[in-house]
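Structure record follows, encoded as structure tokens.
The values are calculated or read from the model by the stated rules, or taken from the named source; none is laboratory data. The shown structure was predicted, so the numbers you read here are calculated from the model rather than taken from an experiment. In this analysis, Cβ positions are derived from the backbone assuming ideal geometry, glycine residues included, and neighbour counts consider all displayed protein chains.
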Amino acid sequence: MICSVLGLGYIGLPTASIIASKGIKTFGIDVNTKLVKNINNCKIHFYEKDLDKILKNVIKNNYFIAKKIPEKSDVFIITVPTPIFKKNKKPNLTFVFDAIKSIANLIEKNNLIIIESTIPVGTTEKIYAYLKKLRKDLNFPSINYESEKNANDVFISHCPERVLPGNIIYELFENDRIIGGLTKKCSMMASNFYKKFIKGNTILTNSKTAELCKLSENSFRDVNIAFANELSMICDENKVDVWELIKIANIHPRVNILQPGPGVGGHCIAVDPWFLAYSNPKTANIIKQARLVNLDKEIFIYNKIKKTIKDHSKAINKLVVACFGIAFKANVNDLRESPSLSIAKKLLKLPFKKINIVEPNINELPKSMHRKNVKLSCINETIETSDILLFFVEHCEFISINKDKLKNKVILDFKGIFNYN
Ligand code: SAJ
């Protein structure tokens, strides 16, 4: 059996590596020539626990090779990004359809096509219609999930990735998978394939349910984080400690409030709810509002910082501020859609004497932060030399800071670091 995984990013590369680790010949396909070369030399463009070991092994044993141009395969898995257009929040499916186009002429009877990328409801059916147009020689009967007679030549399913950045390898093996086939047979064929390399269960359904399920999961989390963020702003207005409030409220057996922070980052939860808000503008009210609340939290924090600067005894051009954490969440080096990074970038525009950035998970600052007065610094030196300390991310290194060192410092703790025991 040969499997091709198209898109070697945060999901595609770990997925391809794990499939190859089960002895399945796997091609990792990506349009980026440099990335393909680097991956074949075991150079990975992001950190994910255990991925380097697995990749090294599968390359050494000839089970995996990265390529630019797709080849004939039994299974094609699409793991390309599905961003949104900034202006109108419309899902951008260009990469998905480009990937499908790139394999269209390679597809043979009995091939499996699996879309893992997060997609709007109905997209798997659109992909089917697109392939039907491109490959008139193949048999594509009308879609009917329940029909036993459905005799397609190719089997298309949406099996959304649901793994947590920072724990991807473990979750790829262990998590249950939603298998959303266009037909029952598509689901069964895809399920049999996943069972070759996952320990979790496969849950079979139709493609639309699978698409909406993935979007619902991430929207659920976004809405719940928005609730925590809204509470944090209500607490601020009422001069109540939000961390203590949430701790007490969560003692209730049916209450489980999440943690507030500078907003929601990453390429998933900050993006996917917009798919629903865009396609269901009249009904997806809470979902849209939650997105807006989580975005507003960033502005709220920026205004808090500005007020603190104004109240400080030193003039702004004499002040040294420190941003603790610019990653999108705790203990990862991923900066995508990071609200902390976005706030830090806004701070660059203010005339501080110096800005210390403490981010233990990266070795150099992103280019967009390159300024004379901005430095990637270590924890202890930063504490000693900074006037205002801003805590944006709950990295484990920050939680273990000896609190005695922080006496006499102005601290704004947006992640409740000092409430961890
Ligand atoms: N966050 C909070 N407060 C919390 C929890 C999270 O502010 O109490 C913030 C984080 O700091 C981060 C953002 O939310 O900025 C998202 O982090 P996350 O850990 O909740 O989720 P992701 O984006 O890393 O991964 C999510 C997961 N989805 C769900 O938990 C429903 C993962 O399972 C998905 O596979 C992934 O999105 C994806 O790829 O869609």
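Which one of 54, 77 is of a type in the set (Val, Ile, Thr), touching a residue at least 60 places away in the same chain (Cβ under 8 Å) and under 22 Å from residue 102 (Cβ atoms)? Before the answer, list the steps.
Details: 54 fails: under 22 Å from residue 102 (Cβ atoms).
When all the criteria are applied, what remains is 77.
Restricting attention to the stretch 121-149, which residues are within 16 Å of the ligand (Cβ to nearest atom) and part of a helix (DSSP H, G or I)? If the condition is that a residue be within 16 Å of the ligand (Cβ to nearest atom) and part of a helix (DSSP H, G or I), then 123 is the only one that fits.
Taking the stretch 226-235, which residues are surrounded by 23 or more Cβ atoms within 10 Å (Cβ to Cβ) and within 9 Å of the ligand (Cβ to nearest atom)? Within the stretch 226-235, just 229 meets the criteria.
Residue 228 passes every criterion in (1) under 17 Å from the mean Cα position of the chain (by Cα); (2) more than 26 Å from residue 16 (Cβ to Cβ); (3) in contact (Cβ under 8 Å) with a residue 24 or more places away in the chain apart from (1). Could you tell me which of the residues 386, 338, 368, 400 is small (Gly, Ala, Ser) and over 25 Å from residue 297 (Cβ atoms)? That would be 400, the only listed residue that is small (Gly, Ala, Ser) and over 25 Å from residue 297 (Cβ atoms).
With the structure loaded, tell me whether residue 83 is out of contact with any strand residue (DSSP E or B) (no Cβ under 7 Å at 6 or more places or on another chain), under 20 Å from residue 212 (Cβ atoms) and in contact (Cβ under 8 Å) with a residue 60 or more places away in the chain or whether it fails that test.
On the way: out of contact with any strand residue (DSSP E or B) (no Cβ under 7 Å at 6 or more places or on another chain): yes; under 20 Å from residue 212 (Cβ atoms): yes; in contact (Cβ under 8 Å) with a residue 60 or more places away in the chain: yes.
The answer is yes for residue 83.
Can residue 288 be described as without any contact (Cβ under 8 Å) to a residue 12 or more places away in the chain and either outside any loop (DSSP other than H, G, I, E, B) or more than 16 Å from residue 82 (Cβ to Cβ) (or both)? No; evaluated as a whole, the condition is false for this residue. No other residue among 214, 239 is more than 22 Å from residue 82 (Cα to Cα), out of contact with any Gly (no Cβ under 7 Å at 6 or more places or on another chain) and at pLDDT 95 or above apart from 239. Taking the criterion of being on the phi < 0 side of the Ramachandran plot and near the ligand (Cβ under 10 Å from one of its atoms), the residues of the stretch 157-171 that qualify are 160, 161, 162, 163, 164, 165, 167, 168, 171. Scanning the stretch 274-320 for residues that are within 24 Å of residue 415 (Cα to Cα) and polar (S, T, N, Q) returns 289, 294, 303, 308. The residues of the stretch 404-421 that are away from the ligand (no atom under 16 Å from the Cβ) and loosely packed, with under 14 Cβ neighbours inside 10 Å, listed by number, are 404, 405, 407, 408, 409, 421. Count of the stretch 298-319 residues, restricted to those that are touching a Phe, Trp or Tyr at 6+ places or on another chain (Cβ under 9 Å) and either β-branched (Val, Ile, Thr) or within 12 Å of the ligand (Cβ to nearest atom) (or both), is 3.
Taken over the stretch 320-344, the residue count meeting the criterion of being closer than 16 Å to residue 304 by Cα and away from the ligand (no atom under 16 Å from the Cβ) is 2. Among residues of the stretch 204-218 that are within 11 Å of the ligand (Cβ to nearest atom), those with a Cβ under 8 angstrom from a residue that is among the hydroxyl-bearing types (Ser, Thr, Tyr), sequence gap 6+ or separate chain, pair up as 213/205; 214/118; 215/118; 218/118. The residues on offer are 309, 305, 246, 286, and the sole one that is surrounded by fewer than 17 Cβ atoms within 10 Å (Cβ to Cβ) and of a type in the set (Val, Ile, Thr) is 286. In the set (1) assigned to a helix (DSSP H, G or I); (2) within 16 Å of the ligand (Cβ to nearest atom), the condition left unmet by residue 248 is number (2). Just one of (1) of a type outside the set (Gly, Ala, Ser); (2) closer than 19 Å to residue 90 by Cα; (3) at pLDDT 95 or above trips up residue 351, so point out which. Result: residue 351 passes all but (2).
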